[in-house]
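What follows is a single structure, written as structure tokens, with notes after it.
Nothing in this text is a laboratory measurement; each read-out follows from the coordinates by a stated rule. These numbers were taken from a predicted model, which means no experiment stands behind them. No Cβ is skipped: glycine too gets one built from the backbone with ideal geometry, and neighbour counts run over all protein chains shown.
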2 protein chains.
Amino acid sequence: MASTGKYKSDLDTPCLVLDMNVLEQNLQKMQAAVEHAGKNLRPHVKTHKCSSLARMQIGAGAIGVCVAKVSEAEALVKAGLDNILLTGPVVTPRKIERLVDLLRTSPSLMVVVDHPGNIELLDAVLRTRGMVMDVLLDVDVGLNRTGVRPPDALALADRIVALPHLRLLGIQAYAGHVQHIRSYDTRKHTSYQCLKEAIRVFRELRATVPTCTIFSASGTGTFDIDLAVPEISELQVGSYACMDTEYLEIGSADNDARFVSFDPALRLLTTVISANHEGLVTVDAGLKSLYKDGGKPQVIVPENSALEYNWFGDEYGMITSTDNSELPPIGTVLELVTSHCDPTVNLFDSYYLTRGKEVNGTWPIDLRGCSQ
Amino acid sequence: MASTGKYKSDLDTPCLVLDMNVLEQNLQKMQAAVEHAGKNLRPHVKTHKCSSLARMQIGAGAIGVCVAKVSEAEALVKAGLDNILLTGPVVTPRKIERLVDLLRTSPSLMVVVDHPGNIELLDAVLRTRGMVMDVLLDVDVGLNRTGVRPPDALALADRIVALPHLRLLGIQAYAGHVQHIRSYDTRKHTSYQCLKEAIRVFRELRATVPTCTIFSASGTGTFDIDLAVPEISELQVGSYACMDTEYLEIGSADNDARFVSFDPALRLLTTVISANHEGLVTVDAGLKSLYKDGGKPQVIVPENSALEYNWFGDEYGMITSTDNSELPPIGTVLELVTSHCDPTVNLFDSYYLTRGKEVNGTWPIDLRGCSQ
């Protein structure tokens, strides 16, 4: 990217910036780890909602991407991407029509299924179009959100195999409830425990259904733990690219106090707009630009400060100091690591791309608001 | 609005719908109450982020609108609206340039100020353009977020009056910390207490500065309490139009268990997409389409059910039953009152407008994402 002659200090706030050096390092590190384990990377785009970033992940070696919603897949296909896995079931007749419309443009599109009625409806729509679609069996490993329970998995797999317009390519098993367990050892133990049944299901399928070669799993919190599981064939990690304090606060393999595998590439800029009160100043980022979820946002510029952010209504945040040091005056721009990257990214229309103090361009967050 | 021949049951989910009968009733009720008290209504658009809804409020008798951010004002002016009050300070040179650019198109634009440095900067920019801008003095009444403290208010007012390019039209005093106090009597008492000092400031200004006639205050939770304050000249209420469970859970003048003054016009539609687990089903609305803040979202369709919603990650929600009654099957669409309307509206690009089961059109949420 060419320089725009623009600096971070020229940006109106609140806004999101991506530190490109950190982002590239995160992408390379995950790609190298996955390749070293002989597996594939299909990163989850629901985190960053950006087709340009997805294209960079594919450029770094990813075999495709994951999305959570049909509308996200539509936006990616429109942007020219393919090899998309939709990681949630699509169940209503109208949404299935949208999915199958998209399949015509993007034949590599895959979707997960978890219910007998759903697979019959999907097969019926595909039949009327004379099409075949690749599916993964979503196996619940204890999150209890989507997915067939392991004891019912093989029976449902048999029904999928019997349907002429579906082709079963494997399973998905996402342990979402394990990703943020603080202790690395507990996380590792819990992850292995909850994947056991899914591994049994996958071995059985692999032995009996020749097309079953995909075992899609993992999240940023268990990426290295899952790389050691021989059956897992591809990782659907998302947050590693941008990172947030929710992940920075969990332990990692070689540091039980902090997650050191990836660094925060995503930052929020916010400006002090009022300073009339003892012990606090007010900034221009609140609930609507920094999603109130996950850990505590972390002030990283000014560096090594004792400043803390707290939400202060829809449009405002409160900055206090933990050591009674001087608070920044009106007009000061602070840089924060967000608490939960996914829903915060979804509040903005673009990222500013930075290297050091320079702004080198922008990327549209073109999947923003794609919740259907 | 003409019928589109479309029904609520035709809508893909998650999506936001506005019950137009309820919305019209809310707007009329607030307008009538404000007029009956001999005051003006300048509703806050930060809640609904929609220029079409703002135009309906003005059609019902509002004298203008309030916004929280410069970018919201820009979007409204682009949509042809005027008489806009910006309820937060604008402090950086670049943001002040944007503000003054907008003032040229919309000379009725007003902004609040709360700091000596800020008024001097604003006056200096206006001087270079040869323009004068109307301002209100933001007086802090205990929220401690923005605003000058009452003991410092008159001194700051003197400095504003001395600046040739600012015209002081009055004060703003927003008691945001009082709006959601559950007990009506406590809320009333607290509201009067915290407005006392601002009233004293306003009386003094009104007596000495002939242009000072505006006292902008109030929120949905204290609207009727503030209508009884003689000095308050206009109300900047926002949530009354759409409503949410956070407001429905506070007491009102004639019902201490529930806020009965306004009804929920805003609803979120969400579909059951997975049902493999004892005691719960999964719906397609999570953090990214129903902001996790405020009260608990309330399931209102199916009517009189014992169903409860809980967040279940970025893209999913969990539906349980408080009385172990049967849970809705896959494909069922539920209708929810959102927990905190403002940040939830900001997650969507449009409202579907409904009367009964019919969809009569859509309104773009054209201020969505305007956080600067």
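Quick notes
Rundown of residues vs (1) within 20 Å of B:Met243 (Cα to Cα); (2) in contact with a helix residue (DSSP H, G or I) (Cβ under 8 Å, 6 or more places away or on another chain), yes/no style:
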site: B:Asp284; (1), (2): no, no
site: B:Gly294; (1), (2): yes, yes
site: B:Pro302; (1), (2): yes, no
site: B:Val333; (1), (2): no, yes
site: B:Pro343; (1), (2): yes, no
site: B:Tyr352; (1), (2): yes, yes
site: B:Arg355; (1), (2): yes, yes
site: B:Pro364; (1), (2): yes, yes
site: B:Gln372; (1), (2): no, yes
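- Output for segment B:90-120, where each listed residue is part of a loop (DSSP other than H, G, I, E, B) and within 12 Å of chain A (Cβ to nearest Cβ): B:Val90, B:Val91, B:Thr92, B:Asp114, B:His115
- Selection within segment B:283-340: residues that are acidic (Asp, Glu) and touching a residue at least 60 places away in the same chain (Cβ under 8 Å). The member of this set that is nearest to A:Cys370 (Cα to Cα) is B:Asp284.
- Count - residues of segment A:152-175 that are touching a residue at least 12 places away in the same chain (Cβ under 8 Å), out of contact with any Ser or Thr (no Cβ under 9 Å at 6 or more places or on another chain) and within 12 Å of another protein chain (Cβ to nearest Cβ): 2
- Count of segment A:337-364 residues which are closer than 14 Å to A:Ala265 by Cβ and among the aliphatic types (A, V, I, L, M): 3
- Residue within segment A:218-226 that is part of a loop (DSSP other than H, G, I, E, B), under 23 Å from A:Leu53 (Cβ atoms) and either in contact with a Lys or Arg (Cβ under 7 Å, 6 or more places away or on another chain) or without any contact (Cβ under 8 Å) to a residue 12 or more places away in the chain (or both) present: no
- Filtered residues of segment B:341-351 (kept if within 13 Å of chain A (Cβ to nearest Cβ) and either without any contact (Cβ under 8 Å) to a residue 40 or more places away in the chain or among the aromatic types (Phe, Trp, Tyr) (or both)): B:Phe348, B:Asp349
- Filter result (within 15 Å of B:Pro264 (Cβ to Cβ), of a type in the set (Val, Ile, Thr) and touching a helix residue (DSSP H, G or I) at 6+ places or on another chain (Cβ under 8 Å)) within segment B:1-52: B:Val17, B:Thr47
- Candidates B:Glu234, B:Glu246, filtered to the one that is under 16 Å from B:Val45 (Cβ atoms) and acidic (Asp, Glu): B:Glu234
- Residue check for B:Asp134: more than 28 Å from A:Glu278 (Cα to Cα) and touching a Leu at 6+ places or on another chain (Cβ under 7 Å): yes
- Matching residues in segment A:249-268 - criterion: being buried (at least 18 other Cβ atoms within 10 Å of the Cβ) and either under 20 Å from A:Lys49 (Cβ atoms) or of a type in the set (A, V, I, L, M, F, W, C) (or both): A:Ile250, A:Phe259, A:Phe262, A:Pro264, A:Ala265, A:Leu266, A:Arg267, A:Leu268
- Taking every residue in segment A:139-150 that is at the interface with another protein chain (Cβ under 10 Å from one of its Cβ atoms) and pairing it with any residue that is of a type in the set (Val, Ile, Thr) and assigned to a loop (DSSP other than H, G, I, E, B), at least 6 positions away or on another chain, the pairs with Cβ-Cβ distances below 9 Å are A:Asp140/A:Thr146; A:Leu143/A:Val178; A:Thr146/A:Thr87; A:Gly147/A:Val141.
- Residue ID - surrounded by the most Cβ atoms within 10 Å (Cβ to Cβ), chosen from residues in segment B:180-206 that are without any contact (Cβ under 8 Å) to a residue 60 or more places away in the chain and hydroxyl-bearing (Ser, Thr, Tyr): B:Ser191
- Scanning segment A:261-281 for residues that are in a loop (DSSP other than H, G, I, E, B) and within 14 Å of chain B (Cβ to nearest Cβ) returns A:Glu278, A:Gly279.
- Scope segment B:196-225; condition under 20 Å from the mean Cα position of the chain (by Cα) and within 16 Å of B:Val139 (Cα to Cα); matching residues: B:Ile214, B:Phe215, B:Ser216, B:Ala217, B:Ser218, B:Gly219
- For segment A:121-138, filtered to residues that are closer than 23 Å to A:Phe215 by Cα and of a type in the set (A, V, I, L, M), the residue that is farthest from the other protein chains (Cβ to nearest Cβ) is A:Val132.
- Restricting attention to segment B:121-170, the residues being part of a loop (DSSP other than H, G, I, E, B) and out of contact with any strand residue (DSSP E or B) (no Cβ under 8 Å at 6 or more places or on another chain) number 6.
- Residue that is nearest to B:Ile63 (Cα to Cα) [pool: residues in segment B:1-16 that are in contact (Cβ under 8 Å) with a residue 24 or more places away in the chain and more than 14 Å from chain A (Cβ to nearest Cβ)]: B:Met1
- Criterion (under 20 Å from B:Leu86 (Cβ atoms), buried (at least 18 other Cβ atoms within 10 Å of the Cβ) and touching a helix residue (DSSP H, G or I) at 6+ places or on another chain (Cβ under 7 Å)) met by exactly one of B:Leu143, B:Leu156: B:Leu156
- Check on B:Ser71, within 11 Å of chain A (Cβ to nearest Cβ), within 23 Å of A:Asp12 (Cβ to Cβ) and surrounded by fewer than 23 Cβ atoms within 10 Å (Cβ to Cβ): yes
- Within segment B:229-253, the set of residues being of a type in the set (S, T, N, Q) and either part of a loop (DSSP other than H, G, I, E, B) or out of contact with any His (no Cβ under 9 Å at 6 or more places or on another chain) (or both) comprises B:Ser233, B:Gln236, B:Ser239, B:Ser252.
- Yes/no for B:Gly331 being part of a loop (DSSP other than H, G, I, E, B), buried (at least 21 other Cβ atoms within 10 Å of the Cβ) and within 11 Å of chain A (Cβ to nearest Cβ): no
- Restricting attention to segment B:282-325, the residues being over 21 Å from A:Thr47 (Cβ atoms), facing chain A (nearest Cβ under 10 Å) and assigned to a strand (DSSP E or B) number 1.
- Test for B:Gly64: is it away from chain A (no Cβ under 12 Å) and closer than 27 Å to B:Val359 by Cα: no
- Cβ-Cβ under 8 Å pairs, at least 6 apart or on other chains, segment B:47-66 side surrounded by fewer than 24 Cβ atoms within 10 Å (Cβ to Cβ), far side in a helix (DSSP H, G or I) and small (Gly, Ala, Ser): B:Ser51/B:Ala75
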